[in-house]
Amino acid sequence: MCGIVGYIGPRDASPILLEGLDRLSYRGYDSAGLAIVDEQGKINVRKAKGRLENLKNLLSDSPLAGHTGIGHTRWATHGEPSDLNAHPHTDVKGGIAVVHNGIIENHESLRHYLEGIGLEFVSQTDTEVVAHLLHHLYDGNMKSTLLKAIGMLEGSYALAILCDQEPGRLYCARNDSPLVIGAMDGEAILASDIPALLSHTRDVIFLEDKEIAVLDTQGISIYDMYGNHKEHAIFHVDWDLSSAERGGYAHYMLKEIHEQPTALQSTFTPRQSPAPGEYPWLPLTREEVRSLRKISIVACGTAYHAGVFGKYAIEKLARLPVEADIASEYRYREPIIGPDELFIAVSQSGETADTLAALREAKRCGARVIAVCNVVGSTITREVGDANTLYTYAGPEIAVASTKAYMTQVEIMLLVAIALGDLRGNLSREEADALLADLGRLPSLAQQVLSTEELLQRIASTASQKKHVFFVGRGMDYALSLEAALKLKEVSYIFSEAYAAGELKHGPIALLQENRLVVATLTQRPLLEKVLSNLREVKARGARVIAVCREDLLERVQNQVDEIIPIPTAGDLFTPLLAVIPLQLFAYCMAVARGCDVDKPRNLAKSVTVE
């Protein structure tokens with residue numbers, strides 16, 4: 001959430017900053033702004049509520065010139081979206097400008113103190129506190145001033161700072177909020193995420209917590225919270241800018257749905273066993289696996305739904321108790337954590353604040369910790385180390401609504417379930433090998449499922465004005481229904497809920513009425529008759545039922561529902577992954593039919609870096 005860009009060098013800063021903010025706009029925002037130091041050393045600010053185009057229009061009428069600047073797209077946390085609350089924020093004299101991602105938790109006490117010494121605030125934001133604090137502490141050297149300031153700040157922050165007394169430098173700092181610095185000859189660029197840097201450099205440095213950096217045309221200097229100089233390895237990004245562009249598709253979300261067969265193959269290939277019963281990609285020894293007494297899968301949003309799927313798969317194949325937990329609840333419910341527990345943190349971005357905090361709590365209590373993540377070099381992957389990270393090789397995911405990252409997270413869960421089942425002796429050699437072979441066939445089957453797009457466009461054309469949609473399923477199909485309901489509400493703003501089909505009669509059936517839309521997933525043969533019985537109850541109340549159904553069950557289902565979306569048969573464990581695709585396409589087509597901004601849903605952020 002929010003986006004930061006900063007630049008210093010010989011080029012005009014304004015177009016570089018705007019390009020970077022464009023590439024970060026997928027993160028979600030409600031206002032945008034720039035601050036640039038001009039040739040006389042004065043800091044000039046332009047900012048506007050709403051889309052980035054509003055800022056561009058403002059700059060076309062009143063341009064900013066200069067070679068050093070910072071930019072920001074804001075996702076409101078303190079104060080409503082407005083021109084006044086937009087970043088950058090300045091001190092009382094306009095000599096210090098700050099952009100900030102995160103939340104300053106002690107901003108109220110700092111504001112009270114600063115107001116007490118006569119400083120006046122003009123916005124409702126916690127960020128303005130930082131600008132005034134830096135003004136108050138400034139001792140003629142922004143490096144030492146910033147070190148003092150971060151010692152007083154509580155909470156999460158990524159900061160980029162300009163000072164008119166030091167116009168040839170750009171300062172930044174971070175704590176629990178990502179910040180990446182691009183290394184170049186004679187210039188430097190910083191951002192809150194890699195896509196903003198890729199048109200300029202693929203060599204980046206990941207700033208660590210409680211570190212500050214000083215950028216100028218001579219290079220990059222990094223210091224710890226005590227002012228000690230630190231050396232950082234340069235990380236080379238191995239994907240190019242075209243991976244983060246639409247490539248002819250109408251929206252990033254549609255592009256990323258169509259990239260799922262490739263993402264599945266890319267994630268599976270490195271995990272093909274070199275020999276039967278060997279899983280070198282799994283960061284656990286056979287002895288550790290057999291000593292496990294419990295697994296906790298902890299995540300937020302879509303990643304949590306992948307964890308629910310993982311719970312079903314691991315318990316089925318490995319016969320090991322699994323809890324799937326929402327990260328924001330996990331850390332505050334005083335969980336029982338032991339040394340014989342495996343904690344799996346799941347995050348697309350690797351920056352999810354609640355998941356990171358839960359991971360740290362599990363580590364502190366002695367659990368064995370690993371991560372499932374899509375972003376190399378992210379905070380969570382650095383926290384556990386690459387050796388303990390199961391990367392989902394989905395490539396950059398730009399659309400706010402996750403699709404291919406979710407698909408590959410579920411694929412990793414299945415791989416883990418098979419490996420644990422084998423290593424614990426719950427699967428025979430033949431069973432494990434057969435499951436892995438079935439998993440390897442999913443990419444080609446997923447490609448076939450993409451052909452359902454035309455059917456889903458037709459369904460959406462008649463269903464897009466529905467105000468409520470229910471998703472139902474049993475077992476793994478219920479786990480899938482949770483994600484399907486989230487996708488629809490995220491991008492189309494239709495109120496949608498998921499229910500275990502057997503729970504309908506325990507309350508939700510009271511909401512059913514004539515023409516209410518119910519989407520059922522039918523991929524689990526052992527549960528088919530149970531679900532069909534539930535759907536008869538739904539139909540008896542006048543609801544319209546659409547079923548995502550595997551082909552070998554079609555004959556039994558076709559007279560029981562109003563519309564069928566067929567998918568190839570791949571077995572009870574794997575067909576749900578294929579069923580994901582038409583449900584994602586359903587959400588996408590519904591959103592397009594309703595005229596929604598598919599890639600930038602209102603009020604949402606791609607990477608939630610605050611609690």
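The values are calculated or read from the model by the stated rules, or taken from the named source; none is laboratory data. None of the values given here were measured: they were computed from a predicted structure. Here the Cβ is made from the backbone with ideal geometry for all residues, glycine too, and neighbour counts use every protein chain on show. These area figures cover heavy atoms from the full protein model, side chains too; ligands, DNA and RNA do not enter into them. Shrake-Rupley method; radii C 1.70, N 1.55, O 1.52, S 1.80 Å.
See the values below:
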quantity: Any hit, region 70-80, residues being farther than 25 Å from N603 by Cα, among the basic types (K, R) and in contact with a His (Cβ under 8 Å, 6 or more places away or on another chain); calculated: no
quantity: Residues being more than 30 Å from T389 (Cβ to Cβ), modelled with pLDDT of 95 or more and either over 30 Å from the mean Cα position of the chain (by Cα) or aliphatic (A, V, I, L, M) (or both) - total across region 415-454; calculated: 0
quantity: Residue check for E80: exposed (fewer than 15 other Cβ atoms within 10 Å of the Cβ), farther than 19 Å from V214 by Cα and charged (D, E, K, R); calculated: yes
quantity: Residue, nearest to L207 (Cα to Cα), within region 374-422, restricted to residues that are assigned to a helix (DSSP H, G or I) and open to solvent by 10 Å² or more (accessible area, probe 1.4 Å); calculated: R382
quantity: Pick from region 337-347, criterion surrounded by 22 or more Cβ atoms within 10 Å (Cβ to Cβ) and out of contact with any Lys or Arg (no Cβ under 8 Å at 6 or more places or on another chain), ranking: farthest from P280 (Cα to Cα); calculated: S347
quantity: Near pairs, Cβ below 6 angstrom, 6+ apart or cross-chain, from region 314-343 (touching a residue at least 12 places away in the same chain (Cβ under 8 Å) and part of a helix (DSSP H, G or I)) to any residue that is acidic (D, E) and open to solvent by less than 50 Å² (accessible area, probe 1.4 Å); calculated: A327/D354; S328/D354
quantity: Per-region count, region 207-230, residues in contact with a strand residue (DSSP E or B) (Cβ under 8 Å, 6 or more places away or on another chain) and closer than 15 Å to G182 by Cα; calculated: 12
quantity: Residue in region 522-538 that is among the hydrophobic types (A, V, I, L, M, F, W, C), part of a strand (DSSP E or B) and more than 30 Å from W75 (Cβ to Cβ) present; calculated: yes
quantity: Region 530-549, subset modelled with pLDDT of 90 or more and open to solvent by 10 Å² or more (accessible area, probe 1.4 Å), residue farthest from A500 (Cα to Cα); calculated: R544
quantity: Criterion (open to solvent by 10 Å² or more (accessible area, probe 1.4 Å), within 23 Å of the chain's Cα centre (by Cα), closer than 24 Å to G440 by Cβ and among the acidic types (D, E)) met by exactly one of E278, E259; calculated: E259
quantity: Test result for E53, in a loop (DSSP other than H, G, I, E, B) and either touching a Leu at 6+ places or on another chain (Cβ under 7 Å) or charged (D, E, K, R) (or both); calculated: no
quantity: Residue in region 582-605 that is under 25 Å from L415 (Cβ atoms), touching a strand residue (DSSP E or B) at 6+ places or on another chain (Cβ under 8 Å) and buried (at least 18 other Cβ atoms within 10 Å of the Cβ) present; calculated: yes
quantity: Matching residues in region 498-529 - criterion: being out of contact with any strand residue (DSSP E or B) (no Cβ under 7 Å at 6 or more places or on another chain), of a type in the set (S, T, N, Q) and surrounded by 14 or more Cβ atoms within 10 Å (Cβ to Cβ); calculated: Q524
quantity: Region 82-118 - residue that is among the polar types (S, T, N, Q) and in contact with a Gly (Cβ under 8 Å, 6 or more places away or on another chain) and, of those, farthest from C2 (Cα to Cα); calculated: N106
quantity: Scan of region 442-478 for residues that are exposed (fewer than 14 other Cβ atoms within 10 Å of the Cβ) and either part of a loop (DSSP other than H, G, I, E, B) or among the hydroxyl-bearing types (S, T, Y) (or both), ordered by number; calculated: S444, S451, S461, T462, Q465, K467
quantity: Search result, residues across region 74-124 that are modelled with pLDDT of 90 or more and of a type in the set (G, A, S); calculated: G94, G95, A97, S109, G116, G118
quantity: Residue list for region 91-150, filter: of a type in the set (S, T, Y) and either over 23 Å from A76 (Cβ atoms) or surrounded by fewer than 18 Cβ atoms within 10 Å (Cβ to Cβ) (or both); calculated: S109, Y113, Y138, S144, T145
quantity: Strands (runs of 3 or more DSSP E) wholly inside region 192-272 that include at least 2 residues being closer than 20 Å to Y391 by Cα and modelled with pLDDT of 90 or more; calculated: 203-206
quantity: Criterion (touching a Pro at 6+ places or on another chain (Cβ under 9 Å), open to solvent by 10 Å² or more (accessible area, probe 1.4 Å) and touching a residue at least 60 places away in the same chain (Cβ under 8 Å)) met by exactly one of R11, R46, R23; calculated: R23
quantity: Helices (runs of 4 or more DSSP H) contained entirely in region 95-167, each with at least 3 residues that are under 22 Å from A357 (Cα atoms); calculated: 142-152
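Quick grid of which residues meet (1) in contact with a helix residue (DSSP H, G or I) (Cβ under 7 Å, 6 or more places away or on another chain); (2) among the small types (G, A, S); (3) without any contact (Cβ under 8 Å) to a residue 60 or more places away in the chain; (4) crowded, with 16+ Cβ neighbours inside 10 Å:
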site: P178; (1), (2), (3), (4): yes, no, no, yes
site: A183; (1), (2), (3), (4): no, yes, yes, yes
site: E187; (1), (2), (3), (4): no, no, no, yes
site: I205; (1), (2), (3), (4): no, no, yes, yes
site: E231; (1), (2), (3), (4): no, no, yes, no
site: Y249; (1), (2), (3), (4): yes, no, yes, no
